[in-house]
Amino acid sequence: MSSTGTELTAAGAKAPRRRRRSNFTKKDRTVLFGLVGIPTILHVLFVWIPAILTVLLSFTFWNGIGGIKEIHWAGFQNYTQIFSLYEAFPKALRNNALWLGFFALIPTPLGILLAYFIDKNLKGSKFYQTAFYLPMVLSLAVTGIVWDYIFRTNGLVNSLMGDTSVESATSWFGDPNKNIWVVLGIASWRHIGYVMLLYLAGMKAVDPSLHEAAGIDGASDWYTFRKVVFPSLRPVNVIIIVVTVIDSLRAFDLVFIINRGRNGLELLGVLVYENIFGESSRIGWGAALATMLFLMSIIPIMVYLYQTFKAEE
Amino acid sequence: MSEQTLNGDVSRRSVLKGAAAGAGVVAAGGFLSAGAGAGAASAAGKTVSVGSNQSDPAARKSDTAWVAAATKAGFDVKLNTVDHNTFQNQINSYLQGTPDDVFTWFAGYRMQFFASKGLSTDISDVWSKIGKDFTKGYKTASTGLDGKQYFVPTTWYPWAVMYRKSVFKAAGVDPASIVTWADFINACKVFKSKGLTPVALGDKGGWEAMGTFDLFNMRTNGYKFHVDLMGGRASWGDARVQKTFTNWQSMFPYQNSNTLDLEWSDAAQLVLQKKAAMQIMGAFHASIYTDAADLADLALFPFPEINKANRRNAVDAPIDGYMLSKGASKNLANAKALATFIASTDYANAVLSVAPTALFANSNMPASDNAFVRQQVELVKSSKYIAQFLDRDTRPDFAGPIVGPAIQSFLKNPSDKAKIAANLAKQWDALPPA
């Protein structure tokens with residue numbers, strides 16, 4: 001009874017505020033507009049409109065010079081020719097898929113595993129944490145240059161292997177059967193730290209009482225992690241999946257630094273760049289590639305997010 | 001993407017032989033050293049902005065030197081240097097945005113392309129004054145499709161076979177004796193037997209081997225076919241292109257196998273370090289020779305004859321220089337005055353003072369006493385036809401993104417050459433109208 005009394009009082013005090021919430025004052029609306037409206041406008045202006053224009057441009061021929069009257073309708077020709085003629089395209093598709101598969105199977109689980117160990121507060125875990133995250137602090141461009149020195153013909157690895165001669169040294173970046181794996185290794189070196197940090201942050205937020213309860217019930221650490229911590233980290237898992245998919249599809253800098261994304265290192269992002277920049281760009285062709293890349297990234301992510309949040313409701 | 005180092009070296013003018021003809025004419029050097037400008041309101045400090053792609057340290061020094069000379073001549077030059085590759089990649093939006101008044105560029109198709117798109121300013125009136133200082137070949141190379149001039153040539157360099165005299169001497173090969181393809185292959189065999197890589201080739205960037213392709217194609221099929229191929233009047237599917245590739249293939253046993261792992265400068269290093277005997281390269285090969293004794297050991301000979309009909313009558317000799325942007329119209333008098341200055345020997349002498357191996361377009365520059373430079377001048381004088389370079393002679397949307405990777409594929413799998421050429425032909429046909 002007494003508790004009801006308290007509730008009533010509280011409700012009474014809150015009531016006017018609640019009503020105001022559904023019936024915004026001018027000030028509320030201004031603030032809301034400022035906080036939501038402006039970012040939305042900017043977003044539409046700088047993301048959605050260019051994206052839609054890119055899709056439209058993908059059905060045209062245009063060399064990037066001159067105004068609208070220089071843009072000629074191409075129908076689906078850019079798309080059909082990319083599929084039928086463009087030798088780099090299937091290679092890029094394969095490499096992007098490989099990148100995604102590799103990221104999903106190796107660095108992402110490894111990052112989670114590292115987070116699991118570091119979260120146990122091992123001795124020196126701060127050091128490990130910093131060490132693993134360090135690659136992420138460097139831009140991919142810097143990473144590319146550093147690793148180039150390690151794997152080039154007369155680089156560190158070949159020096160250690162004792163053969164830096166042009167004729168016989170292992171060609172890490174020049175051999176199209178090898179270079180993609182070297183690059184994936186480098187990219188993973190960076191991605192692991194990223195996943196680890198995201199995961200660690202999530203794990204710190206898990207209610208310790210869950211751990212304790214599981215411990216009291218006799219669950220092992222690993223079992224607790226799999227059955228209790230992991231499922232409660234669903235939001236972080238979603239982020240990690242999204243980050244992994246996006247990072248795999250937009251990969252660019254590393255291969256661009258190494259050999260401009262050619263000879264076994266073709267990626268869709270590089271092909272877009274190669275065709276759009278330069279003296280006489282094939283904007284329509286590049287836009288068609290960009291459109292395909294856009295669909296590839298957005299469709300799986302939308303499906304995944306939709307399912308996840310639907311399940312949550 | 002082509003390199004543009006000034007190292008070339010030096011000198012003499014008369015180059016560009018095709019030109020030869022009357023051209024020369026007198027003209028006192030530095031006729032406009034007074035900064036005579038095209039009617040510039042000759043107020044003190046004629047301000048002109050210049051966009052430069054000369055970001056390499058050596059090239060930057062040249063820029064600094066000529067800007068200092070221009071300042072002395074009464075200009076206030078605002079130099080805006082951009083990383084070389086970035087400059088190239090962004091040129092399109094740069095020229096359509098708010099470009100500098102004057103910018104570094106290349107003669108030939110690449111100049112004509114921007115001229116025809118209305119992105120540069122006609123400087124025919126400047127040429128009426130500077131024309132006497134250049135041979136006809138340079139004027140042609142500076143002329144757009146509409147017959148007007150859009151370009152001021154400054155420096156050039158030829159492509160040839162670069163080698164170290166001491167290496168040839170040690171192997172007992174006389175470079176002067178290498179005339180035909182058989183001679184060349186025999187020399188390669190000798191070097192190979194001595195444990196050297198006969199020909200160093202790096203094509204990691206995808207443009208370097210275009211120079212090799214040009215030479216093989218011009219030797220195999222002649223200059224006419226080459227320019228027709230570049231201009232789209234002949235097809236990449238033509239059997240003659242296959243012949244070019246077949247001839248190149250005969251050099252494969254003598255070239256390093258990891259061509260796609262090396263940049264041109266890595267390959268040049270092999271020659272410098274005496275691990276390789278030769279490199280088919282632009283004369284900017286010399287830019288990696290930092291030691292004077294090594295530089296004195298460097299020499300070149302023309303790419304050998306393959307088809308008797310074509311002798312050794314053609315060479316790639318790209319010309320670098322400056323254009324006026326469309327935006328220069330707001331500062332036209334000053335920009336044209338600076339263009340005139342750039343055409344002068346004052347400009348050339350300033351660059352020469354820091355780049356002793358540069359070769360200048362201006363006919364009034366004295367002959368160089370550098371042997372390597374003289375060889376270059378001789379080479380070009382003895383060539384009947386001058387091409388620019390594959391990525392300067394054909395459509396840029398074809399050269400970089402399509403031919404570059406195709407040549408890389410050929411280097412990897414030469415036996416695919418028929419397929420590679422057929423695909424090139426199809427891709428050319430699929431290009432949108434220029």
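The values are calculated or read from the model by the stated rules, or taken from the named source; none is laboratory data. These numbers were taken from a predicted model, which means no experiment stands behind them. Quick reminder, even Gly has a Cβ in these numbers, built from the backbone with ideal geometry, and neighbours come from all protein chains shown.
List of remarks:
- Boolean, B:A399 is assigned by TED's automatic domain parsing to the domain that holds B:Q88, small (G, A, S), outside any loop (DSSP other than H, G, I, E, B) and under 30 Å from B:W66 (Cβ atoms): no
Okay, residues lined up against (1) assigned by TED's automatic domain parsing to the domain that holds B:P405; (2) assigned to a helix (DSSP H, G or I); (3) crowded, with 24+ Cβ neighbours inside 10 Å; (4) not hydroxyl-bearing (S, T, Y):
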{"site": "B:K129", "(1), (2), (3), (4)": "no, yes, no, yes"}
{"site": "B:K132", "(1), (2), (3), (4)": "no, yes, no, yes"}
{"site": "B:Y163", "(1), (2), (3), (4)": "yes, no, yes, no"}
{"site": "B:A182", "(1), (2), (3), (4)": "yes, yes, no, yes"}
{"site": "B:I185", "(1), (2), (3), (4)": "yes, yes, no, yes"}
{"site": "B:F191", "(1), (2), (3), (4)": "yes, yes, no, yes"}
{"site": "B:G205", "(1), (2), (3), (4)": "yes, no, no, yes"}
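- Selection of segment B:318-327 for residues being in a helix (DSSP H, G or I) and either closer than 29 Å to B:A387 by Cβ or not assigned by TED's automatic domain parsing to the domain that holds B:S128 (or both) yields only B:K326.
- Taken over segment B:231-255, the residue count meeting the criterion of being within 14 Å of chain A (Cβ to nearest Cβ) and either in a helix (DSSP H, G or I) or among the hydrophobic types (A, V, I, L, M, F, W, C) (or both) is 4.
- Restricting attention to segment B:395-432, the residues that are facing another protein chain (nearest Cβ under 10 Å) and either in contact with a strand residue (DSSP E or B) (Cβ under 7 Å, 6 or more places away or on another chain) or of a type in the set (D, E) (or both) add up to 3.
- Per-region count, segment B:63-108, residues touching a Leu at 6+ places or on another chain (Cβ under 9 Å) and small (G, A, S): 3
- Test: residue in segment A:130-147 that is within 14 Å of chain B (Cβ to nearest Cβ), assigned to a helix (DSSP H, G or I), touching a helix residue (DSSP H, G or I) at 6+ places or on another chain (Cβ under 7 Å) and among the aliphatic types (A, V, I, L, M): yes
- Within segment A:84-107, tally of residues that are within 26 Å of the chain's Cα centre (by Cα) and either among the aromatic types (F, W, Y) or facing another protein chain (nearest Cβ under 10 Å) (or both): 6
- The sole residue among B:G22, B:G108, B:G37 that is under 18 Å from B:D320 (Cβ atoms) and at pLDDT below 95 is B:G108.
- Residues (of a type in the set (F, W, Y) and either crowded, with 24+ Cβ neighbours inside 10 Å or at the interface with chain A (Cβ under 9 Å from one of its Cβ atoms) (or both)) located in segment B:377-394: B:F389
- Meets criteria (in contact with a strand residue (DSSP E or B) (Cβ under 8 Å, 6 or more places away or on another chain) and modelled with pLDDT under 95) for B:Y289: yes
- Inside segment A:57-80, residues that are closer than 18 Å to A:M292 by Cβ and free of Cβ contacts under 8 Å to residues at least 24 places away in the same chain make up a count of 4.
- Test: residue in segment A:220-240 that is outside any helix (DSSP H, G or I) and more than 14 Å from chain B (Cβ to nearest Cβ): yes
- Test result for B:T357, touching a Phe, Trp or Tyr at 6+ places or on another chain (Cβ under 8 Å), within 14 Å of chain A (Cβ to nearest Cβ) and of a type in the set (V, I, T): no
- Evaluation of A:P176 against (1) assigned to a loop (DSSP other than H, G, I, E, B); (2) within 13 Å of chain B (Cβ to nearest Cβ); (3) farther than 22 Å from A:L98 by Cβ (one fails), failing number: (3)
- Count - residues of segment A:57-82 that are part of a helix (DSSP H, G or I), surrounded by 13 or more Cβ atoms within 10 Å (Cβ to Cβ) and of a type outside the set (D, E, K, R): 7
- Residue match in segment A:193-208 (condition: within 27 Å of A:R262 (Cα to Cα) and buried (at least 21 other Cβ atoms within 10 Å of the Cβ)): no
- Looking only at segment B:256-308, and only at residues there that are more than 30 Å from B:F225 (Cβ to Cβ) and basic (K, R), the one that is nearest to the other protein chains (Cβ to nearest Cβ): B:K275
- Taken across segment B:69-86, residues that are surrounded by fewer than 22 Cβ atoms within 10 Å (Cβ to Cβ), at pLDDT 90 or above and under 25 Å from B:G206 (Cβ atoms) do occur, with at least one present.
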